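The values are calculated or read from the model by the stated rules, or taken from the named source; none is laboratory data. What you see is a predicted model; the values in this text were computed from it and never measured. Quick reminder, even Gly has a Cβ in these numbers, built from the backbone with ideal geometry, and neighbours come from all protein chains shown. Please note that ligands, DNA and RNA were not included when accessible areas were found on the heavy atoms of the full protein model with its side chains. Shrake-Rupley method; radii C 1.70, N 1.55, O 1.52, S 1.80 Å.
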Amino acid sequence: MKPVFRFAPSPNGALHLGHVYSAALNAHMARQAGGRFLLRVEDIDMARCRPEHEAKMLEDLAWLGLAWETPVRRQSEHLADYAAALDVLRQAGLAYPSSLSRADVRRIVEASEADGMVWPRDPDGAPLFPGRDAGEEPGVDADDADVIWRLDVRAAVAHAWRTPGGWMETGRGPDGQTGWQEARPELWGDFILARRDAPASYHLAVVVDDALQGVTHVVRGMDLFHATGAHVLLQDLLGFSRPVYHHHDLILDGESGLKLSKSRGDTAIGQLRAGGMTAADVLRLAGAEFEDEV
Ligand code: GLU
């Protein structure tokens with residue numbers, strides 16, 4: 001069986017130099033391993049993703065000289081796969097429905113913080129969900145389209161693991177270490193599995209897709225390092241095998257030092273191209289001129 005790599009951008013804006021680096025590194029590592037390289041369109045967040053962004057994204061990647069297998073998997077075309085995975089978690093009693101909106105959670109958090117409590121936050125800075133007791137309000141109708149499905153993380157960890165779960169990292173963790181990394185899904189609290197405007201959360205969809213596509217190597221930015229703790233927990237709950245992970249450094253904006261963002265339109269490939277750069281120039285600028293060893 002050949003190793004399988006994938007680059008999985010979300011079509012919610014223009015690709016920037018960070019994407020160039022990640023895509024080119026994936027393609028390079030796939031070639032080095034004699035493996036396959038897939039492209040996956042992560043368009044599950046229907047409120048933010050647009051077909052015109054997808055078309056531009058594919059055009060930019062082809063212009064850079066990358067080649068991927070077709071057909072491309074598009075998440076919006078596979079909702080039944082995510083619903084089936086959610087169902088497994090529901091049947092196991094590990095997913096629960098809540099009608100609390102983000103605004104409701106914000107009110108609960110603000111009220112506690114006004115009382116002097118420091119509310120825990122996830123690695124992205126969002127307040128953790130108050131938990132199943134607060135979330136599973138009496139009378140919530142599980143079939144109501146507006147309910148939000150969450151994973152009971154504490155119960156899920158107890159169900160999946162007798163000893164701490166983790167993964168093999170060929171990049172580096174935040175402490176600079178390569179190799180075994182201990183998963184800490186609890187950092188995310190009872191994270192979302194599905195809601196009306198995103199029938200599968202990023203965490204659920206990415207795990208289902210990687211498994212169904214037989215992905216063996218996940219190569220992606222360091223900003224997703226902590227998300228991997230949630231992913232390996234879901235893999236074990238759903239009986240999927242575990243890819244090897246490689247989290248690479250992010251390209252930061254030279255002036256602000258912030259990570260590049262699609263929404264700020266940072267160094268969009270299209271702009272660089274319109275400004276007269278060649279694909280080789282853009283790859284060089286991204287630090288992505290990987291030499292294949294033969
Ligand atoms: N779709 C995610 C993003 O664009 C990447 C997901 C992944 O590589 O696991 O940030």
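For the chain, the fraction of 1.4 Å probe accessible surface lying on carbon and sulfur atoms is 52 percent. Extension gain, Ala114-Ser76: 0.36 nm per intervening residue step, less the Cα-Cα distance, totals 9.6 nm. Across the protein chains, with a 1.4 Å probe defining accessible surface, the residues His247, His217 rank His217, His247 from largest area downward.
Other residues lying with their Cβ under 11 Å from the Cβ of Val282 contribute a combined charge of -1, Lys and Arg counting +1, Asp and Glu -1. Using only side-chain charges placed at the Cβ, +1 for Lys and Arg and -1 for Asp and Glu, the dipole size of the stretch 126-208 relative to its Cα centre rounds to 420 debye. Taking the Cα centre of the stretch 146-265 as reference, the dipole from Cβ charges on Lys and Arg (+1) and Asp and Glu (-1) amounts to some 120 debye.
In the chain, a dipole from Cβ-located charges (positive for Lys and Arg, negative for Asp and Glu) runs towards its positive end, and of His231, Pro120, Ala55 it is Ala55 whose Cα lies farthest in that direction. With contacts taken as Cα pairs under 8 Å and at least 6 residues apart, the chain reaches a relative contact order of 26 percent.
By the gyration tensor of its Cα atoms, with a ≥ b ≥ c the square roots of the eigenvalues, what is the shape of the chain: rounded for a/c under 1.5, prolate for a/b over b/c, or oblate? Because a/c hits 1.5 or more and a/b exceeds b/c, the chain counts as prolate.
Using only Cα atoms, tell me the angle between helix 51-63 and the longest principal axis of the chain; keep it within 0 to 90° and round to the nearest 10. Computed tilt is about 40 degrees.
Taking the chain as a Gaussian network of alpha-carbon nodes connected by springs under 10 Å, the highest mean-square fluctuation of the residues Val244, Val118, Val207 belongs to Val118. Each Cα pair under 8 Å and six or more residues apart adds its separation to the average, and for the stretch 123-211 the resulting relative contact order is 33 percent. Using the average count of surrounding beta-carbon atoms within 10 Å as a protection proxy, the listed peptides 16-26, 148-158 rank, highest first, as 16-26, 148-158. Rolling a 1.4 Å probe over the protein heavy atoms gives the stretch 128-170 an accessible area of 57 Å² per residue. Working from Cα positions, state the angle (0 to 90°, nearest 10) between the long axis of helix 202-212 and the longest principal axis of the chain. Here the helix axis deviates by roughly 60 degrees. Could you tell me which of rounded, prolate or oblate describes the stretch 176-269, using a ≥ b ≥ c as the square roots of the eigenvalues of the alpha-carbon gyration tensor, with rounded for a/c under 1.5 and, failing that, prolate when a/b is larger than b/c and oblate otherwise? Since a/c reaches 1.5 and a/b is larger than b/c, the shape of the stretch 176-269 is classed as prolate.
Just check the stretch 173-229 against the gyration tensor rule for me: Cα atoms, a ≥ b ≥ c as the square roots of the eigenvalues, rounded for a/c under 1.5, and otherwise prolate or oblate depending on whether a/b exceeds b/c. Here the stretch 173-229 falls in the oblate category. At full extension, Val140 and Asp124 could sit 2.9 nm farther apart than now, given 0.36 nm per residue minus the alpha carbon distance.
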